[in-house]
Each structure stands twice: as structure tokens, then as C-alpha cells.
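**Student:** After the C-alpha cells below, expect a handful of questions from me.
Each reported figure results from applying straightforward, stated rules to the coordinates on display, with no laboratory input. None of the values given here were measured: they were computed from a predicted structure. Neighbour counts run over all protein chains shown; Cβ positions are idealised from the backbone, glycine included.
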DNA sequence: TTATTGCTATTGGTCAGACCATTACGGATA
DNA sequence: TATCCGTAATGGTCTGACCAATAGCAATAA
């Protein structure tokens, strides 16, 4: 046989650039803070057009790996960064919206990750972390009549726990999962039956989580977090399903 | 105050396109299988250049949300897809290489997710799923002298479990985490002390996992998976750290 | 001497226009 | 009726140009 590994298509132009940058990052030759050659120069070097370079740079920038800024000198140019949070949010939000990643799968993964967060937070939480959680709790109390602001405070509480856990990947995943559910959740909020009742239940659960973390009871923290997420979702899922079905039929007419 | 929400920079050209596509996906107006307008037409519609459209399309394609193919008629054009696995792999691999997402954080998250996988797989596994696991087990036996192939079979085993669990997000995350550790792991393999001993230990652990899943013992499956991952990592971590430190000093000279 | 000003080069951001390769579709032909 | 070929549509790529922001330096003024 003749070179079985030879790809049928000889790499698109922008893939050449992508491969160049990625391989250097994976090899450790490009680190956070390092600068890429100017686009024009990179284009000459790899014998592709500047458009191809730009397309590749854009995809990596969208993943939080590169950051471009205009201008001469050291401040300008494209540098290697590592800001995965936003990228993860966008990624997950889109794929949840596309009904890939079914919402129940996301909930299940969220429980798993937040159980871990709760456990680690219980073991590692510093005073400032606990303060952030308390602040989110009071923010929820203050915003209990504004559903969007309430949800943001709710997210802040869970993110504070993830932050206290000290695990970057889990924290970013938690943020991404919460954000990916933000719009669907707000929709469900609008049509939920007894809002005041829901808030009262959530309030109790959140305080129980905080109490367990502060008390250093990791096992209990894990369990109340899971109960909390399941309980909240059980309340909202029916509304969510109805809205989902409704939007589907809407588009058919 | 005058329009406090007004962003200082009035959206870059490619961001206009990005926002157009993303908002339509989030609103449910664009679904998997739907076609985007041709690039030239979209450029006219949004009053940007075709380059700007292409850059936006590329970023979404890199996230597994769009797929472009040349040609006229229905087969050509850019369509909405939902293939997040590759995108997740690339994303995580880069950020792990950039030492964002410290390896220990990734391991911790992996344990959490694979515990869930093991539990769900125990409850949902079908005969074909179990067969896939067995096949991976025998593949490991056959490839015990080829470290790269062994690692691939090892990955296949864990992916088979994640697949049997039936949770798309967890499965894709599992694949991504395994892949992100592939190169570092192979490096560590090369310098590990007693390879035969390591393989023997892993073999026993893998069979214990399979046995628990097949027996329907979810609690035990969870626990042996966690023990397996921790044990393997405890063996490899010292080597990994040494390599890490070495590559750092290498670059300094 | 020191501080300010303004010019210039560099860099990413954007655009216009062209050409190529691939593909589907339909009409012409056997 | 079946086959073949031209044509149009589409993404892929390149070239070359100009803009906007920025830094650094040189000329100038205090």
C-alpha cells in the first residue's frame, strides 16, 4: 500500500496555521504570555494568505487560547492567553440550545460536579469564600421579586462554592453549565406556578448548603447540594418541557 | 447618564455575524440540519465583508456547531450541526497544555464524572455495551507491549463505560479529558519504572470495574473506578512531575 | 535639561474583488 | 430512456489595499 496515512485532502490552508500553533502549544514551545509572529509574517512563513492565518487565529481566540490587539510594539500583536471560561460558556450554551447535550444529561453532570465542589469547598473554604457565599445568599433575599437578578444571585452562590473548591476546571464547568441553562431557566421561571413558594424552598436549601459547608460536614454538604439541584429541577422540569414543546410547534406553523 | 449599556467598541464585524447566528440558535430559529444563507448573501445582509462572515463561521465550525461544504444545491453550503466531541477535545487539550486547568484538577473532575459514568453504566448497560468493554479489555491484553496502543485501548474501555451510561455530556467530557492527557501520559509511560508491573495492576483494576458493572453493583463500580484512577495517577504523577520540571528547565537554556 | 508634541512604523481589523475546486441540476445527445 | 456535459452556485483561497490604534522616537518648546 502507498502511504496509508496520507490524508485525502492535503490540509486546508487555515488548518496548516492551526496545526502550527497548536503543535507548538502542545510541545510547550508557546506559553501563556508569549507572542505569535505578526499575521503577515506568519502568512509568509507558512506560505498561506493572511486570511488563512486570521481564520485560524480567530478559532483559537474563540477558545480563549489567543488574544489579539492592535498597535505597534510589545502591547500589540497576538499573544497566547488562557481564558477558557467564556469559551466554555459559549460552547455549552450553544450545544444545549441545539438539544445536543439533553438538559437531563446536563443536570446529571452538574450534580456530579457540584457534589465535588461542595466536598472540596467544605475542606478548603477560607473566610473570604464563606463571605462570598453569604453575600450571594443576601443578594437572593434582596432580589426575590426580580427573577433575572434572583437567578444571577443564585448562580453567584453556586459559583462561589465552586470557586472555594479551588478546582479551576470544575469551577469553569459549573459556570458554563449554569449559564447554558440561564435562558431556559428564566423562561421556566416566568411560567412557574407559585414563585414565592419556590423561592422559600430554595432559600431553605441554600442555607442548608451553606451551613453544612461552614460546619465542615463534607458528606452532608454533598448530599444537600444534590437534593437541592434535584428538587429545583423537579419543580421546573414540567414547565421547561411544556415550553420546549410549545416552541417546537410554534415553528412548525 | 447616557446609555450606560452602550459598549465602547461597536462590535467588530465578525462579532456581528457571530451574534446573528448565535442568537438565532439560542432562539431556536436555527436547528440542527438547517442551512445558513450563502456567505456572500449573509455578508450583504449584515453589511459586512465576506471575510468577516468566514471568520465567524470558522469559529462556530471549530466548536462543532457549523459545518461547511462546497458545491451547489442542497448538499453544499453551511449547515448547523452538533458535533461537540472533537471541539471539546481540542479545547481541553490546549488548556491543559497551557497549564491552565492543572492536571490534578482534571484528575479530580475525571473521577467525579467517571464515578457517575460507572453508576449509570451499571444501571443501563446493554449487552452490546458490555461487549465493547470486553473488547477493550482484550485489546489491552494484546497491546501490553505497545504503550501507545495500550493507552488507546485503555481509553476505549473508559469511553465504552461512558457510552454505556448514556449521558452525552459526560461521555464527551470523558473522551476530552482522556485525550487531553494522552501525550503527557505517553511521556510518563516511557519513563515509568516497572511497566509490566503497572500493566498487571491496571489489568486487575479494569477487570474489577467490568465485574462490578456486569454484576449490577453500582456502588462498588463507582468505588473501584475511583480507586483505579487514583492508583494509576499515584503511580504516574511523580514521573509526570519530573518530566514537567525537566521540560521547563530545558526551555530556559 | 526636561517635558511635550507630533511624525512614523507596526499591527490587527476590514474590505473588495478575483479565481479555483467541487457539486448539483438540467438540457442536449445517443 | 439513459448518458453526458455545460452551467451556475458555493465554499476555499489569495492578493492588495486602506483604516485605526499603538508605541517609539525625534523634533521642539519650556
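**Student:** Stretched out fully, how many nm does the piece from residue B:230 to residue B:75 gain, at 0.36 nm a residue minus the Cα gap?
**Tutor:** So the extension gain works out to 51.0 nm.
**Student:** Among B:114, B:226, A:22, what is the fewest-to-most ranking by other Cβ atoms within 10 Å?
**Tutor:** With the sparsest Cβ surroundings first, the list reads B:226, A:22, B:114.
**Student:** Would you calculate the separation in nanometres between label points at residue A:237 and residue A:219, each defined as 7 Å from the Cα along the Cα-to-beta-carbon direction?
**Tutor:** About 2.7 nm, to one decimal.
**Student:** Then there's this: Taking only Cα atoms, what is the 0 to 90° angle, nearest 10, from helix A:218-252's long axis to the longest principal axis of chain A?
**Tutor:** So the helix axis and the longest Cα principal axis differ by about 70 degrees.
**Student:** Multiplying the sequence separation of residue B:31 and residue B:204 by 0.36 nm and subtracting their Cα-Cα distance, what value in nm do you get?
**Tutor:** 57.7 nm
**Student:** If I fit a long axis through the Cα atoms of helix B:13-26 and take the longest principal axis of the Cα atoms of chain B, what angle between them do I get, 0 to 90°, rounded to 10?
**Tutor:** Once rounded, the angle reads 70 degrees.
**Student:** By its C-alpha gyration tensor, with a ≥ b ≥ c as the square roots of the eigenvalues, how is the protein assembly as shown shaped: rounded for a/c under 1.5, else prolate for a/b larger than b/c, else oblate?
**Tutor:** Verdict is rounded for the protein assembly as shown.
**Student:** While we're looking at this one, here's another question. Counting each DSSP H run of 4 or more residues in the protein assembly as shown as -39500 (n - 2.57), what helix-only mean residue ellipticity at 222 nm follows after dividing by all residues, to the nearest 500 deg cm²/dmol?
**Tutor:** Helices in the protein assembly as shown give a 222 nm mean residue ellipticity of -24500 deg cm²/dmol.
**Student:** Based on alpha-carbon centroids, what's the gap between the stretch B:159-205 and the stretch A:41-62 in Å, whole number please?
**Tutor:** If we compute the Cα centre of each part, the gap is 34 Å.
**Student:** Continuing with the same structure: Specify whether the C-alpha gyration tensor of the stretch A:160-219 places it in the rounded, prolate or oblate class, a ≥ b ≥ c being the square roots of the eigenvalues: rounded for a/c under 1.5, otherwise prolate if a/b is larger than b/c and oblate if not.
**Tutor:** The shape class here is oblate.
**Student:** At residue B:226, label 7 Å along Cα→Cβ: distances to the other copies, nm, ascending?
**Tutor:** 1.0
**Student:** Next up: Could you pull the copy-to-copy label distances for residue A:74, with points set 7 Å along Cα to Cβ, in nm to one decimal and sorted shortest first?
**Tutor:** Those separations, rounded to one decimal, come out as 5.9 nm.
**Student:** Residues of the stretch B:57-99 with amide nitrogen under 12 Å from the 7 Å Cα-to-Cβ point of residue B:247?
**Tutor:** Taking a point 7 Å out along Cα→Cβ of residue B:247, the residues of the stretch B:57-99 whose backbone N falls under 12 Å are B:94-99.
**Student:** Report the FRET efficiency, 1/(1 + (r/R0)^6), for residue A:50 and residue B:41, where r is their Cβ-Cβ distance and R0 is 25 Å, rounded to 0.05.
**Tutor:** It comes to 0.55.
**Student:** With the cut-off at 1.5 for a/c, could you classify chain A from its C-alpha gyration tensor as rounded, prolate or oblate?
**Tutor:** Judged from the Cα gyration tensor, chain A comes out prolate (a/c at least 1.5, a/b above b/c).
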